[in-house]
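Below is one structure, written out as structure tokens, with a few remarks after it.
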Amino acid sequence: DVKVTQSSRYLVKRTGEKVFLECVQDMDHENMFWYRQDPGLGLRLIYFSYDVKMKEKGDIPEGYSVSREKKERFSLILESASTNQTSMYLCASSTGSETQYFGPGTRLLVL
Amino acid sequence: GEDVEQSLFLSVREGDSSVINCTYTDSSSTYLYWYKQEPGAGLQLLTYIFSNMDMKQDQRLTVLLNKKDKHLSLRIADTQTGDSAIYFCAVGVPSGSARQLTFGSGTQLTVLP
């Protein structure tokens, strides 16, 4: 079974704080993805990575950065959190095909 | 880019069939997916269909694909209260470096007793 884990289920941060969201997968997948999910908007792709140290912008990269130093780990960084980044963040991974496997999500509240 | 549309809400009575519909714009998609999200959880892959198929059945789930109309549907037979969740349609698109999925907005299915 593919397992994708995320470091926190719930997180509360203050405006201006630097926030790290961690994602780990145990299936040696090349591709990893970060999405945010907001009601009525579905999932929107923030960044993805197709190899170690490689990254590409998704549809809404502004205000975010990512890091992939090891194949199994993909981090999402909010350099200076803002209230409009309050959301559910979902990590996913995939191998050569398109099928993506998701983690349980991190619900982030920025006050 | 790819656009995937779903209605936001569907209510059915327990024991009835549910049909969740999805339309998409990119005809080059290879696989089309249905994911299920229960409250507070991540997305769980339910089923998928290859673009050269018209139908796929998996126990209570039936996926129908009409490529001409770019229409995908998910039918759940004998819907149970445990089927209450958000259902996302997703379409695979080539991106150059990694195949991506474009998701619809999700359909909230409510099963009434």
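The values are calculated or read from the model by the stated rules, or taken from the named source; none is laboratory data. These numbers were taken from a predicted model, which means no experiment stands behind them. Quick reminder, even Gly has a Cβ in these numbers, built from the backbone with ideal geometry, and neighbours come from all protein chains shown. Please note that ligands, DNA and RNA were not included when accessible areas were found on the heavy atoms of the full protein model with its side chains. Shrake-Rupley method; radii C 1.70, N 1.55, O 1.52, S 1.80 Å.
Take B:SER18 and decide whether it is within 15 Å of B:LEU101 (Cα to Cα), touching a residue at least 40 places away in the same chain (Cβ under 8 Å) and among the small types (Gly, Ala, Ser).
So B:SER18 fails the test.
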Quiz item: Counting only residues that are under 13 Å from the mean Cα position of the chain (by Cα) and hydrophobic (A, V, I, L, M, F, W, C), which one in the range B:56-79 is farthest from B:VAL93 (Cα to Cα)?
Solution: B:ILE76
Practice problem: Would you list the strands (runs of 3 or more DSSP E) that sit entirely within the range A:1-47 and hold 1 or more residues that are open to solvent by 50 Å² or more (accessible area, probe 1.4 Å)? | Solution: A:4-6, A:10-13, A:19-25
Quiz prompt | Search result, residues across the range A:87-111 that are open to solvent by 50 Å² or more (accessible area, probe 1.4 Å) and not small (Gly, Ala, Ser) | solution = A:THR95, A:TYR101, A:ARG107, A:LEU109, A:LEU111
Self-check item: Subset tally (residues that are open to solvent by 20 Å² or more (accessible area, probe 1.4 Å) and either within 24 Å of A:THR83 (Cβ to Cβ) or within 12 Å of another protein chain (Cβ to nearest Cβ) (or both)) for the range A:48-57
Solution: 6
Self-check item: Filter result for A:MET88 (touching a Lys or Arg at 6+ places or on another chain (Cβ under 6 Å), within 11 Å of chain B (Cβ to nearest Cβ), part of a strand (DSSP E or B) and closer than 22 Å to B:LEU46 by Cβ)
Solution: yes
Quiz item: Before we move on, is B:SER105 within 14 Å of chain A (Cβ to nearest Cβ) and at pLDDT 90 or above?
Solution: yes
Quiz item: Which of the residues that make up the range B:69-84 are modelled with pLDDT of 95 or more and at positive phi?
Solution: B:ASP78
